[in-house]
Structure formats: C-alpha cells, structure tokens
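Below is one structure, written out as structure tokens, with a few remarks after it.
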Amino acid sequence: MGYAMAARTQGGPEVIQRIEIGEITPAAGEVVIEHQAIGINFIDIYIRTGAYPWPVDENLILGSEGAGIVTAVGEGVSHVAVGDRVGYTLPNGAYATSRAINADLVVKLPDGISSEVAAAIMLKGLTVAYLLNDSYAVKPGDTVLFHAAAGGVGLLAGQWLKSIGATAIGTAGGAEKCALAAAHGFDHVIDYRSEDVPARVMEITGGAGADVAYDSVGKDTFAGTLASLRRHGTAVAFGQSSGPYSDFKIADLGKGSLHLTRPTLFHFSTVRSWLEPASAALFGHVMDGTVKVNINQRFPLEQAAAAHEALAARQTTGCTILTV
Ligand SMILES: NC(=O)c1ccc[n+]([C@@H]2O[C@H](COP(=O)([O-])OP(=O)(O)OC[C@H]3O[C@@H](n4cnc5c(N)ncnc54)[C@H](OP(=O)(O)O)[C@@H]3O)[C@@H](O)[C@H]2O)c1
C-alpha cells in the first residue's frame with residue numbers, strides 16, 4: 001500500500017496529513033508513476049492557504065512536480081513504457097508514493113538527469129524556460145531584474161541569463177542569499193530588505209532602467225519593479241510570495257508606456273509541442289553544465305508540512321525536494 005500527503009482543507013501546514021492510497025490502475029491515455037522524488041514549490045503553499053483555487057472538497061493531494069518510474073501504462077500510450085524514468089509538472093497530486101497521470105504530460109528522462117534533479121526542475125526550470133523565451137525573449141545585452149534570486153526559480157534563472165549574455169540584476173533578502181545569487185550568474189545583487197531597488201537599478205544602468213523585470217514576490221516589490229524599468233520596458237508578474245498585487249492600477253503602466261504580462265507555466269507545459277523541446281533544452285543546459293541544480297533541502301515525503309514551513313519562512317535557498 002502506498003500513501004500520500006494531502007491537505008484535508010485550506011489552512012496552515014498542520015492541515016497536511018498522511019492518507020493511505022490503494023492500488024492505482026491507469027485509465028486510457030494515462031501512466032502510473034512510482035515516485036522517486038517530488039518537488040516542493042511555492043504554488044503548493046498558495047493552494048494550501050487558499051490564495052489559488054482549491055479544486056476538491058477535502059483531502060487534496062498537493063504537489064506539482066515529480067519524477068520516477070513508470071509501473072503501468074493505459075490503453076493508447078505509446079511514447080513511454082513500463083520501466084522508463086519520467087518527469088512531469090502538473091498542479092496537485094504529486095505528494096504521493098505513486099500516482100496516475102495523463103501520459104501527454106510526462107517526458108522521458110535522459111541518463112544524465114537523475115530523478116531527484118528532474119523533481120527539482122520540471123516546474124521551476126520549465127518556468128525559467130518560458131519566462132526567458134516566451135513571456136519576454138531575453139537577448140544578449142539586455143538588462144534583466146529578477147526578484148527572489150536565491151530561490152528555486154531564481155538560482156536557475158541567474159545561470160540561464162548568464163548563458164544568454166544578459167546583464168542580470170538579482171534581488172534577495174540578506175547578505176548570505178545575495179552572495180549565493182552572485183555565485184549563480186547574477187552580475188549585481190540588491191538586498192531588497194535594506195536597499196532601494198529602483199535607485200540601485202538606475203545606478204547600475206546609468207539611469208536607463210531595466211529592459212525587463214521578473215517579479216514573483218508581488219505585494220512588497222511590484223511598485224519598485226515598475227519604477228526600475230526603462231521606458232517601454234516589460235514587467236512579468238509571475239507569483240506573489242509576499243501577497244497579492246492589490247495596490248496596482250493600470251495607470252501605473254502609463255509612467256513609461258510599460259508592458260505587463262501575468263503568465264502561468266501550465267498554459268505552456270500542458271501543450272506537448274512546447275513541453276518536449278523546452279524539456280530537452282532544459283535537460284541540455286543541466287547536462288552541459290550551463291545550469292547547475294542546487295537541491296539545498298531534502299525532506300522525507302511524510303515531512304511535507306515541515307518543507308512548507310521552511311519555504312514560507314524564507315529559510316530555503318535553491319530547490320527543495322521530498323524523497324520517497
Ligand atoms: N507563474 C508561474 O508559472 C510560476 C511558476 C513557478 C514559480 N512561480 C513563482 O515563483 C516564485 C518562486 O518560486 P519558488 O518555488 O522557487 O520559491 P523560492 O523563490 O525558492 O521561495 C520564495 C522566495 O521569495 C522570497 N520572498 C519575498 N517575500 C516573501 C514572503 N513574504 N514570504 C515568503 N517568501 C518571500 C524569499 O526570498 P528572500 O528571502 O530572498 O526574500 C523566498 O525564499 C513563487 O512566487 C512562485 O509562485 C510562478
């Protein structure tokens with residue numbers, strides 16, 4: 001018998017409890033995956049706390065990224081077989097020893113990508129892929145502001161930006177996190193707990209401002225994000241770890257004829273023709289050393305609540321995974 005870690009209702013980390021799960025059989029078009037590792041992401045916290053939609057009445061198995069071995073395939077599945085190692089990202093259902101999932105959402109893992117690494121980057125690394133290619137296509141020479149630079153998404157983004165040849169300006173909380181970000185591709189790092197972000201960006205860019213700013217912090221940073229952009233610059237708002245963007249008004253974009261987008265990974269990753277090449281590019285970057293994956297926290301699956309507490313309390317850097 002397997003088990004899962006499910007939230008019995010919306011609430012604090014204490015709502016996460018162990019539930020037993022029976023044998024899982026795949027429906028047509030599905031595969032069953034026995035997890036070897038599972039990623040922890042901020043979206044899991046948003047869903048648990050109610051910041052994002054809650055899709056079931058009770059016992060929602062959290063978790064949006066995982067990797068493991070295919071143990072059964074449903075009718076009509078031909079691109080993966082029993083015994084293959086695969087990874088995926090999809091909202092909910094991952095904090096479990098096994099799960100069934102639509103086969104179109106999984107990709108085979110090359111030998112050079114361990115299941116732990118895949119569980120750490122299927123959501124976070126594919127997010128970096130669409131942010132830097134699709135939400136705004138970063139070019140060599142662009143100046144890019146990226147908040148929460150020492151986090152899971154942040155450390156991957158800094159290294160990817162360096163490989164493009166952009167000037168990357170990161171923000172992070174505290175000297176230790178700033179040093180970590182600087183060691184992972186960020187040319188400049190601003191401690192946003194103690195420094196004025198727009199003033200520092202203007203100083204670094206000689207008064208020009210950044211071409212694009214990626215903001216996943218939200219409430220505490222967004223006004224500064226807009227104030228850090230050049231005229232006609234682009235803001236990409238992709239998360240809200242400090243709270244929703246409640247003070248924002250469309251007129252705020254008028255200060256510089258600014259562009260704004262609010263993307264979400266699953267609008268990209270559920271499209272097979274995007275998922276396959278984006279995963280191949282991500283794995284390629286990891287295998288050739290362009291992007292090093294920092295799994296800085298590991299928790300056993302049963303301690304998912306402790307992993308949530310650490311992430312929400314800003315105690316983590318890089319990626320966090322659950323081991324099975
Ligand atoms: N839209 C999408 O498609 C998409 C996909 C993936 C991730 N995301 C978003 O990207 C962000 C990063 O995700 P992640 O899983 O890699 O997390 P993370 O960056 O590892 O952790 C979040 C970081 O945000 C910073 N932060 C600032 N204010 C905070 C607050 N009040 N409470 C908690 N943290 C705060 C902290 O860094 P400091 O201590 O340095 O401030 C914290 O470590 C999240 O907002 C997530 O929702 C969005």
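Looking only at segment 1-52, which residues are surrounded by fewer than 19 Cβ atoms within 10 Å (Cβ to Cβ), touching a residue at least 60 places away in the same chain (Cβ under 8 Å) and either charged (D, E, K, R) or touching a Cys at 6+ places or on another chain (Cβ under 8 Å) (or both)?
Passing the criteria: Glu14, Arg18, Glu34.
Are there any pairs with C-beta distances below 9 angstrom linking a residue in segment 187-211 that is farther than 24 Å from Ile164 by Cβ and within 16 Å of the ligand (Cβ to nearest atom) to a residue that is of a type in the set (Val, Ile, Thr) and in a strand (DSSP E or B), with the two at least 6 apart or on different chains, and if so which?
Asp191/Thr171; Glu195/Thr171; Asp196/Ile190
Of the residues in segment 205-217, how many are buried (at least 18 other Cβ atoms within 10 Å of the Cβ) and in contact with a strand residue (DSSP E or B) (Cβ under 7 Å, 6 or more places away or on another chain)?
If we filter segment 205-217 for residues that are buried (at least 18 other Cβ atoms within 10 Å of the Cβ), which is where we start, we get 205, 209-217.
Now drop any that are not in contact with a strand residue (DSSP E or B) (Cβ under 7 Å, 6 or more places away or on another chain), which leaves 205, 209-215.
Looking only at that region, the number is 8.
When you check Ser257 against the structure, is it outside the structural domain of Leu90 (by TED's automatic domain parsing) and touching a Lys or Arg at 6+ places or on another chain (Cβ under 8 Å), yes or no? Show your work before the answer.
On the way: outside the structural domain of Leu90 (by TED's automatic domain parsing): yes; touching a Lys or Arg at 6+ places or on another chain (Cβ under 8 Å): yes.
The answer is yes for Ser257.
For Pro277, state whether it is out of contact with any strand residue (DSSP E or B) (no Cβ under 7 Å at 6 or more places or on another chain) and in the same structural domain as Phe186 (by TED's automatic domain parsing). Can you show your working first?
Numbers: out of contact with any strand residue (DSSP E or B) (no Cβ under 7 Å at 6 or more places or on another chain): yes; in the same structural domain as Phe186 (by TED's automatic domain parsing): no.
When the stated conditions are applied, Pro277 does not pass them.
All but one of (1) closer than 28 Å to Thr317 by Cβ; (2) assigned to a strand (DSSP E or B) hold for Ala100, so report the exception by its number.
Every condition holds for Ala100 apart from (1).
Out of Leu109, Leu132, Leu145, report the one residue that is closer than 23 Å to Arg314 by Cα and either touching a helix residue (DSSP H, G or I) at 6+ places or on another chain (Cβ under 7 Å) or near the ligand (Cβ under 10 Å from one of its atoms) (or both).
On the way: Leu109 fails: closer than 23 Å to Arg314 by Cα; Leu132 fails: closer than 23 Å to Arg314 by Cα.
Sole residue among the options that is closer than 23 Å to Arg314 by Cα and either touching a helix residue (DSSP H, G or I) at 6+ places or on another chain (Cβ under 7 Å) or near the ligand (Cβ under 10 Å from one of its atoms) (or both): Leu145.
Identify all residues within segment 160-172 that are within 14 Å of the ligand (Cβ to nearest atom) and more than 15 Å from Pro198 (Cα to Cα); write none if there are none.
The one that is within 14 Å of the ligand (Cβ to nearest atom) and more than 15 Å from Pro198 (Cα to Cα): Trp160.
The values are calculated or read from the model by the stated rules, or taken from the named source; none is laboratory data. Given the structure is predicted, the values throughout are model-derived calculations rather than measurements. Neighbour counts are summed over all protein chains in view; Cβ atoms, including those assigned to glycine, are modelled from backbone coordinates with ideal geometry.
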